[in-house]
1. Return the pairs, sorted by first residue and then second, in which the second residue is assigned to a strand (DSSP E or B), the first residue lies in the stretch B:312-327 and is in the same structural domain as B:A359 (by TED's automatic domain parsing), the beta carbons are less than 6 Å apart, and the residues are 6+ apart or on different chains.
2. Just give me the residues in the stretch A:271-292 being in contact (Cβ under 8 Å) with a residue 60 or more places away in the chain, surrounded by 23 or more Cβ atoms within 10 Å (Cβ to Cβ) and assigned to a helix (DSSP H, G or I), in sequence order.
3. Would you confirm whether or not the stretch A:228-243 contains a residue that is more than 30 Å from A:I7 (Cβ to Cβ), among the small types (G, A, S) and not assigned by TED's automatic domain parsing to the domain that holds A:R41?
4. For the stretch A:300-347: of the residues being of a type outside the set (S, T, Y), part of a loop (DSSP other than H, G, I, E, B) and within 13 Å of the chain's Cα centre (by Cα), which is farthest from A:H179 (Cα to Cα)?
5. Would you confirm whether or not the stretch B:108-122 contains a residue that is hydrophobic (A, V, I, L, M, F, W, C), in contact with a strand residue (DSSP E or B) (Cβ under 9 Å, 6 or more places away or on another chain) and in the same structural domain as B:K35 (by TED's automatic domain parsing)?
6. Might you check whether a residue that is closer than 21 Å to A:V47 by Cα and away from chain B (no Cβ under 14 Å) occurs anywhere in the stretch A:291-298?
7. Kindly indicate the residue of the stretch B:96-112 that is of a type in the set (A, V, I, L, M) and in a helix (DSSP H, G or I) and also nearest to the other protein chains (Cβ to nearest Cβ) among those meeting that condition.
Number of protein chains: 2
Amino acid sequence: MRDVYVIGAGITPFGELWNMSLRDLFVAAAKDAMKDAAVGRLDGMYVGSMSPGLFVGQEHLSSLLADYLGAVPVPCVRVESACASGGGAFRSAFFEVASGASEVVLAGGVEKMTDFADVTGALATASDQEYEGYHGVTFPGLYAMMARAHMRAYGTARDEIAAVAVKNHENALLNAGAHLRVRISVEQVMSSPPVADPLRLLDCAPVSDGACALVLASEAYAKQSKRPLVRVAGIGAATDTIALHARSDLASLEAVARAAAKAYAASSRRPKDVQVAEVHDCFTIAEIMAIEALGFVGRGRGGPASKGGETSREGPIPVNTSGGLKAKGHPVGATGAAQIFEIVTQLRGEAGKRQIRGARVGLAQNMGGSGGSATVHILELV
Amino acid sequence: MRDVYVIGAGITPFGELWNMSLRDLFVAAAKDAMKDAAVGRLDGMYVGSMSPGLFVGQEHLSSLLADYLGAVPVPCVRVESACASGGGAFRSAFFEVASGASEVVLAGGVEKMTDFADVTGALATASDQEYEGYHGVTFPGLYAMMARAHMRAYGTARDEIAAVAVKNHENALLNAGAHLRVRISVEQVMSSPPVADPLRLLDCAPVSDGACALVLASEAYAKQSKRPLVRVAGIGAATDTIALHARSDLASLEAVARAAAKAYAASSRRPKDVQVAEVHDCFTIAEIMAIEALGFVGRGRGGPASKGGETSREGPIPVNTSGGLKAKGHPVGATGAAQIFEIVTQLRGEAGKRQIRGARVGLAQNMGGSGGSATVHILELV
């Protein structure tokens, strides 16, 4: 298997982007990424998107986006794994380059969510519709149950969970493209309107529009691009049961743990080697469970570690320097690609005021639904 | 790049399957394929499905189907490219095995269409919604325009187009799993109710439920499986503009021609080497245009060749021995996989009364929308 590099990265602002359609968003990000890579070649495309059929009445993004990017006849498919669609698209593109079949492949993600009225209903299609969605459970409800289980198992406190939101909003202040650029306090999180007890409004990622794209390439093309060499050092993916009721433990993310184990093994890296990470904080509790599953902190220590500043930009393992899904925004299909965008930006030393100095090893963790699917990618500056 | 083999194949009947849900369908096909392959290992899964969000309110098939197959924690993603989703899933699985990352990967497709009222509206999401769908064009309308263009450019006659339906229904009589197992005549096609002039009801593939799965493997695992060795000799994919209005010629399928050129080059095969083919006959005219784009007959000769029996089981290039989308049925996400299922069955010599004797090289051509995306796979008996 050949080495694969990320040689280009492009992103749109995330937010309520009334003046941009789905195709506008993706094309903007993809053009940025191609310009950044500066190679005059494209052999394939993968686009992560969760539910354009429900959100904007458009499937067949493969043809649509190759067309509007001006890339026809380049092959393209859409990859979907709910909110892990972006990570899945990146993984598929990785295999195409690693196999030797292609030299330069674009992987990205897009979601246009704010044109649609019933976003919560559309997102519920990532749960088990027969056993969860149709009975009225929404995603805030599912993560609320996971939060309760974590609080019961480990004594995780409400203010520890709120600390995640406070930190990620703080980081987003340094990210010009973030959706929610406003400083918040633990008290504000804990007194914001209840959504699904114990989770409140400021525990939830916003509904955002946005797109992101990355260019993957073989070593020969990576060297042509003249950008800092960022190698995909290890990849991992896994599934879990789609419904919460089928899991033995609601307080852990087994698919994330398994995907991470594969990525660590493939890269010969350990959790303590990771210097910067983007994790899937669709709700505050998700970040606490993710940093445990990734081995950054011990099981049950996610709450105290978050409150104690271990995941802040100055801590031993800075998490979600971009602002995370919580504050950067969460256009679901774009999220997995946007996490890798942030890691690439950090490893290149181009993260401006939120730069983690000397970061050479980074990790991006993306997941779908309540953790039914997960991808983990470890990247290294060569 | 390593050689990749198809070592297992499973399929459900196609039709109005009221007693089976989407998950039931996929699990049945996947279990059959795994049993056929007889290897106790699975490293990854790809599921083609066009629009489960619209058809049954369920996205995140990756987790759902890995879960219900009992395959958790095996990684899985859904691949979507409208009606070319199955071909796209197979292609992605091919890269994963070819790269050396995995030994045994399942690729399949599923669609549960008959639970939903507005199937035509859901299928229209494969067209350009902004410029086609929202203005009232449906897929029968788009293919009717292509048929008119073909008739004008090449003098293709109505009875030549009807001959495709007659042949494919004839073939379906020999396929126990086909949706429409009824003999029809050219006169019946031409006097069936008009849908979009010049296309009539019997020019259109039916709306079907169904699933299909294939197991791809490295050479080492292919030899373990003890099944006839069917190698993926060449693959190709391409895109075209999503909207018809942007094409220079409505009477040809450029994405199919480009995908075929790649697959022929990769396999060092020419059109005349192909002994059996499954092509994407969502409408009768589509088969005529496909056999031209694949080089089986010259440009404009698709009509006379079809009427003249050149694509019948006894002709020089048997096309759609399974009954094709037209008569076997067209559960859109499953179709690309089901085409490869038929080719594998033919190359193994297991096609019963519809067997093409001595077939060692076969081709499967899948496309999305009005030809905005296409895949071509050439398989060979080793």
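1. Final answer for the pair search is B:P318/B:V276; B:V319/B:A277; B:N320/B:E278.
2. Matches in the stretch A:271-292: A:T284, A:I285, A:A286, A:E287, A:I288, A:M289, A:A290.
3. Yes, that holds for at least one residue.
4. We begin by selecting, within the stretch A:300-347, every residue of a type outside the set (S, T, Y); these are A:300-305, A:307-310, A:313-320, A:323-334, A:336-344, A:346-347.
Within this subset, residues satisfying the condition of being part of a loop (DSSP other than H, G, I, E, B) are A:300-301, A:308-310, A:313-318, A:320, A:323, A:329-331.
Remaining after also requiring within 13 Å of the chain's Cα centre (by Cα): A:320, A:323, A:329-331.
On the way: A:N320: 14, A:G323: 9, A:G329: 5, A:H330: 9, A:P331: 10 Å.
Top of the filtered list is A:N320.
5. Step one: filter the stretch B:108-122 for residues hydrophobic (A, V, I, L, M, F, W, C), giving B:110, B:113, B:116-117, B:119, B:122.
Remaining after also requiring in contact with a strand residue (DSSP E or B) (Cβ under 9 Å, 6 or more places away or on another chain): B:110, B:113.
Now narrow it down to the ones that are in the same structural domain as B:K35 (by TED's automatic domain parsing): B:110, B:113.
Yes, there is a match, as at least one residue in the stretch B:108-122 is hydrophobic (A, V, I, L, M, F, W, C), in contact with a strand residue (DSSP E or B) (Cβ under 9 Å, 6 or more places away or on another chain) and in the same structural domain as B:K35 (by TED's automatic domain parsing).
6. Filtering the stretch A:291-298 down to residues closer than 21 Å to A:V47 by Cα leaves none.
No, that holds for no residue.
7. Within the stretch B:96-112, the subset of a type in the set (A, V, I, L, M) is B:97-98, B:101, B:104-107, B:110.
Those still in the list that are in a helix (DSSP H, G or I) too: B:97-98.
Values: B:V97: 9, B:A98: 4 Å.
Top of the filtered list is B:A98.
Residues are listed down the side, and each one gets a yes or a no for (1) at pLDDT 95 or above; (2) closer than 22 Å to A:G44 by Cβ; (3) in contact with a strand residue (DSSP E or B) (Cβ under 8 Å, 6 or more places away or on another chain):
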| residue | (1), (2), (3) |
| --- | --- |
| B:V232 | yes, yes, yes |
| B:G236 | yes, yes, yes |
| B:I242 | yes, yes, no |
| B:Y264 | yes, yes, yes |
| B:K272 | yes, no, no |
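The values are calculated or read from the model by the stated rules, or taken from the named source; none is laboratory data. Please read these numbers as outputs of a predicted model, since none were measured by experiment. Neighbour counts are summed over all protein chains in view; Cβ atoms, including those assigned to glycine, are modelled from backbone coordinates with ideal geometry.
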